[in-house]
Amino acid sequence: MKLFLLLTSLLLLTNINAKDSDYSIIINKKFDNKLLDIKQDYDRDISAVGFTKNYKATTSTKSYNDPFEYLKSVSSAHGTQMQLVKINNMGKVVIDKSSRLSQFSEAIAVAKTPTNGYYIAGHSMDGQLIILKLDANTNLIFKKIFGTKNIDKLNNIIHLSDGGILAVGTSATSRDFSDPLFKRGLGLNDIFLTRFSVDGRELWSKKYGTHYDDMGVDAVEASDGSIIVIGKTFYDDNKEISMMRIDENGNKIWIKNISSKTYSTPFKIIRLKDNRFLMSLSQVDDMGKEQVRLVKFDLQKNILIDKKIHTTYSSALKDIKEYADGGLVGVGYVRDSYNTDALVMMLDSKLNLLYQSHFGEENYDVLNAVTILHNSQAAAAGIYTFNNSQEANMWIIKLNRDATIAQKSARADDFYEMLYELYKDEIKANKIKIKKDLSIEFTDKRLYFDVSKYQLTKTQKIFLDKFFQKLLPFLHKYKTQVKTLEVNGHTSSEWANSSFDEGYLKNEKLSLNRSYTTLSYLLNTQNKQTKQWLVKILKGGGYSYSKNISFNKVENKELSRRVSFKIILNETNS
């Protein structure tokens, strides 16, 4: 399927080839692995949850009548496990942690705590619902296993204004009259909600639905503390969309069903900045293709906008988020007869399509969740499948407002670590020193200047050649993030037979000359293209002896006669 970009009414066909600098991170492990939800951390990294798989051989000769008992016997730290990954701006995985629960389990949602920790929610393969609360270092604060005696499934959690969470899922009808939670269900499957306090206390659990098959899909808290829940009902060949408003104690306020002549599937509901609500669903058209449908409504269940976005291929948005200006980003999938690709749509506040992109190979790729980042980019998580492979992989991408893939970026801490790795041999040999403010000092005595000298020696030139051969390609790789490369000259404090003012000024001129000769040598040894780029970021300066090198308040005059370098990043990367 070709990838395309749609700008208003102008259709532009584009093939996008991922570059190393693109923020498209594929975490490739054995067996099927998926990411289902994503959030930005307070330190501006990205965290996503899903599940991974790992297996071990068992030599047990014991026979099992209950398949779930067998699964438990082989699943300690193995099998399907709830998974949390945290990735920094450079796309480096900084946390990769599975839950190591005794049950096979999947994580389906993540919410952030005020202390940069996590709520992670999911379910086990034998129908138990699970919520973990972790601190910022992923240490377990508490674990809650809840639900009925039957097969339950979780679809989402929402973080409430009181600090607690609401779990949204589905529960099979109970037929056990001794069940302490429910004496009987409403139908085959029911919408299942459970509310927890901030300290993990279960406040209430309730079922809702019809005598048919009902499924809880998603929920969102209104500004008054009530909650809007969306679900779906199956009967015969029909599927209805249900919207329900409940109070903080789970009591129903109103219910509204959205019927359709064709098959519809709800995916997501969000509260907009105008305190209205937007639901994303797909609806099958007369040609049998899924089409994106967006429904905007208010707290009194009045439908304000009901819009279908017609596309060439079957399409659906599994998640949507609103920008500060009212625009929207949606992610999901688009498919034809041969393969499924990830779908990204950008819309305006009136739900008009602005941009659309497809990403993926000729296989199965989908984006399950999206979150808007502090810099107006978005991050999405999902599934990526390589060509000629049947295994799903965890996938995270960053998106610009025009639905293109964003570039990897680095903060000052990232730059420091990369510079340290780049010059690790020189640092080990005690030739240079790199500070966390991204300043670089030479520490080899052969690289210092003699008294009153500023012309470069042969030894200095040889070292600078090697130094710049590493530094310039590194800076060019991240040129959109680098504001300035300073080349600063320094002197010792003495100047024979001169007054204080005169000595300072003469040293200032000498420090400028040292900066100038180094800067000009750098430029004169580069090709024309590199020079044109360098002149945009180079800045020479002289500090006289104001930054001399001292130990225990005693100046080391030899070490003070030097040049130093400092990388200044754009403010968004500081």
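Of the residues LEU367, LEU354, LEU317, which single one is touching an Asp or Glu at 6+ places or on another chain (Cβ under 8 Å), within 24 Å of ILE25 (Cβ to Cβ) and in contact (Cβ under 8 Å) with a residue 40 or more places away in the chain?
Going through LEU367, LEU354, LEU317 in turn, just one is touching an Asp or Glu at 6+ places or on another chain (Cβ under 8 Å), within 24 Å of ILE25 (Cβ to Cβ) and in contact (Cβ under 8 Å) with a residue 40 or more places away in the chain: LEU367.
Being more than 22 Å from ASN275 (Cα to Cα) and either touching a residue at least 40 places away in the same chain (Cβ under 8 Å) or not charged (D, E, K, R) (or both) is the filter here, so list the residues in region 217-265 that pass it.
THR233, PHE234, TYR235, ASN238, SER259, SER260, THR262, TYR263, SER264, THR265
Residues being surrounded by 17 or more Cβ atoms within 10 Å (Cβ to Cβ), in contact (Cβ under 8 Å) with a residue 40 or more places away in the chain and farther than 17 Å from GLY327 by Cα: count how many of those fall in region 291-302.
Final tally of qualifying residues: 1.
Only residues in region 37-49 that are touching a residue at least 60 places away in the same chain (Cβ under 8 Å) and under 18 Å from ILE26 (Cβ atoms) count as the first member; pair them with residues that are of a type outside the set (Lys, Arg) and not in a strand (DSSP E or B), Cβ under 7 angstrom, at least 6 apart or cross-chain, and list the lot.
SER47/ASP41
Would you point out the residue of region 90-124, among those that are modelled with pLDDT of 85 or more and under 21 Å from TYR23 (Cα atoms), that is nearest to the chain's Cα centre (by Cα)?
Going through the qualifying residues, I end up with GLY91.
For region 455-489, name all the residues that are assigned to a loop (DSSP other than H, G, I, E, B) and either among the charged types (D, E, K, R) or modelled with pLDDT of 95 or more (or both).
GLN455, LEU456, THR457, LYS479
I'd like the full set of residues that are in contact with a Gly (Cβ under 8 Å, 6 or more places away or on another chain) and part of a loop (DSSP other than H, G, I, E, B), limited to region 149-158.
ASN150, ILE151
I'm trying to understand the selection: among the residues of region 506-560, which are surrounded by 15 or more Cβ atoms within 10 Å (Cβ to Cβ) and acidic (Asp, Glu)?
Once the filter is applied, which keeps residues that are surrounded by 15 or more Cβ atoms within 10 Å (Cβ to Cβ) and acidic (Asp, Glu), region 506-560 yields GLU508, GLU555.
In region 499-554, which residues are part of a strand (DSSP E or B) and over 21 Å from LEU464 (Cα atoms)?
Residues satisfying the conditions are SER550, PHE551, VAL554.
Which members of region 200-211 meet the condition of being surrounded by fewer than 17 Cβ atoms within 10 Å (Cβ to Cβ) and either part of a strand (DSSP E or B) or without any contact (Cβ under 8 Å) to a residue 24 or more places away in the chain (or both)?
Answer for region 200-211, where residues must be surrounded by fewer than 17 Cβ atoms within 10 Å (Cβ to Cβ) and either part of a strand (DSSP E or B) or without any contact (Cβ under 8 Å) to a residue 24 or more places away in the chain (or both): ARG201, GLU202, LEU203, TRP204.
Let me spell it out: the conditions are (1) within 30 Å of THR210 (Cα to Cα); (2) at pLDDT below 95, and ASN363 meets all of them except one. Which number is the exception?
So ASN363 meets the others, but not (1).
Could you please let me know if ASP413 is assigned to a loop (DSSP other than H, G, I, E, B), under 19 Å from the mean Cα position of the chain (by Cα) and of a type outside the set (A, V, I, L, M, F, W, C)?
no
In this structure, does ASN375 turn out to be in the same structural domain as LEU347 (by TED's automatic domain parsing) and part of a strand (DSSP E or B)?
No: the conditions fail for ASN375.
The values are calculated or read from the model by the stated rules, or taken from the named source; none is laboratory data. All figures in this text were calculated on a predicted structure; none of them were measured in a lab. Using ideal geometry, Cβ is built from the backbone for each residue, glycine included, and neighbour counts are taken over all protein chains shown.
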